[in-house]
1. Give me a comma-separated list of calculated 3J(HN,Hα) values for the range 74-90, in order, Karplus coefficients 6.51, -1.76, 1.60 applied at θ = phi - 60°, integers in Hz, x for any Gly or Pro.
2. Return the subset of Lys74/Lys157; Lys105/Lys157; Lys59/Lys154; Lys76/Lys119 for which the Cα-Cα distance in this structure is over 31 Å, preserving the input order.
3. Computed FRET efficiency, Cβ-Cβ of Lys68 and Trp138, R0 22 Å: what is it to the nearest 0.05?
4. Quick check on the exposure proxy: order Val111, Val205 from fewest to most C-beta atoms within 10 angstrom.
5. Mind jotting down the three principal axis lengths of the range 64-216 based on Cα atoms? Whole angstrom, largest first.
6. For the range 126-216, evaluate the Debye formula with one uniform point scatterer on each Cα (no solvent term) and list log10 I(q)/I(0) at q = 0.14, 0.24, 0.25 Å⁻¹, rounded to two decimals.
7. Using θ = phi - 60° and the Karplus relation 6.51 cos²θ - 1.76 cosθ + 1.60, list the HN-Hα couplings for the range 109-118 in order, rounded to whole Hz, with x at every Gly or Pro.
8. If I stretch the segment between Glu46 and Lys60 completely, what's the gain in nm (0.36 nm per residue apart, minus their alpha carbon distance), one decimal?
Amino acid sequence: MPAKRETKKEIKEFVNARLYPYWDTPRAEAYPVEEIAPHLKSSNHEVRMAAAYLLGQTKKQAAIPHLKKALEDKEKLVRHYTVYALNRIGGPEALRLTATALADKEEMVYVAAQNFLEKAPGSKALPALAEMFGHEGWQTRKQAVELMEKIMEKLKKRRLSDRNTRAYRLVQQHLRPDDEPDLKLRAIRAAIQGKVNEKNARLYVKELRALEGSLK
C-alpha cells in the first residue's frame, strides 16, 4: 500500500492538534488506536513520529502490532518515539520488541531501548533479553547479557526474589566471566523457560560449553 500523502496544511493540523496539546497528559488514552495507526504510513516523518507517540499514550496493547512495523521506519526519530511508545504501553510483547531495538544502528534508538529495559519493573525485562539468543548481531547479544547483569545487580541490592531472578541465579552460579554471550543467553533462557533445574543446571551449562567448543 503506498504511503499516505498529506498536504502541508494537513500535516501542520495533525501535528498541532494531536501532538502538542496532549504532550505529557493522559487525554490521548481516549483515542482509538485505529484512528491514530494509519498516520504511521504518512509520507511525512513528523506525522509518523506524532502517531507513534500518541499510540504510546493510549497505553493499549492493540497498538503494539502497529508499533512493531514502526520500529523499521527509515527515520531514526520515528524509531526513537516508537521505543518510547512501547515503554509507555508495557507488557511482555512490548519489552520483547524493545529488546530488538538494541540492534538499531542509531545510538539514540538503542540507548533509549537500553534505558527502558534497565528501568522495567523488577525482573520483567529478563525474559525479553534472554530471547536475544540467536540474534545475528554479536554486539547486540553482548548488550543483552550486560543489561541482564546490570538489572540483576540492582535487584540483588533490593533483595528481590521472583521466578525470573531465581532462574537467572540458578545458572549464573555455573557461568564463567569469559563465557560467550550466546552461551549465557541460551542458559538463562532455558532456566526462565523452566527447562533447567537445580539438579541439572551445572551439567546443562557444561554441555553448552562443550557444544560451543565443538563448533569453533
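We did not get these values from a lab; they are worked out from the coordinates using the rules stated. These figures come from a predicted structure and were not determined experimentally. With ideal geometry, Cβ positions are generated from the backbone for all residues, glycine too; neighbour counts draw on all protein chains shown.
1. Ordered by residue, 3J(HN,Hα) equals 6, 8, 5, 5, 5, 5, 4, 5, 5, 4, 4, 4, 4, 5, 5, 6, x Hz.
2. Those over the limit are Lys74/Lys157; Lys105/Lys157.
3. Here the calculated transfer efficiency is 0.40.
4. Val111, Val205
5. Rounded to whole Å, the extents work out to 46, 38, 24 Å.
6. Ignoring solvent entirely, the Cα scatterers give -0.45, -1.32, -1.41.
7. Calculated HN-Hα couplings, in order: 7, 6, 5, 4, 4, 4, 5, 5, 5, 5 Hz.
8. 2.9 nm
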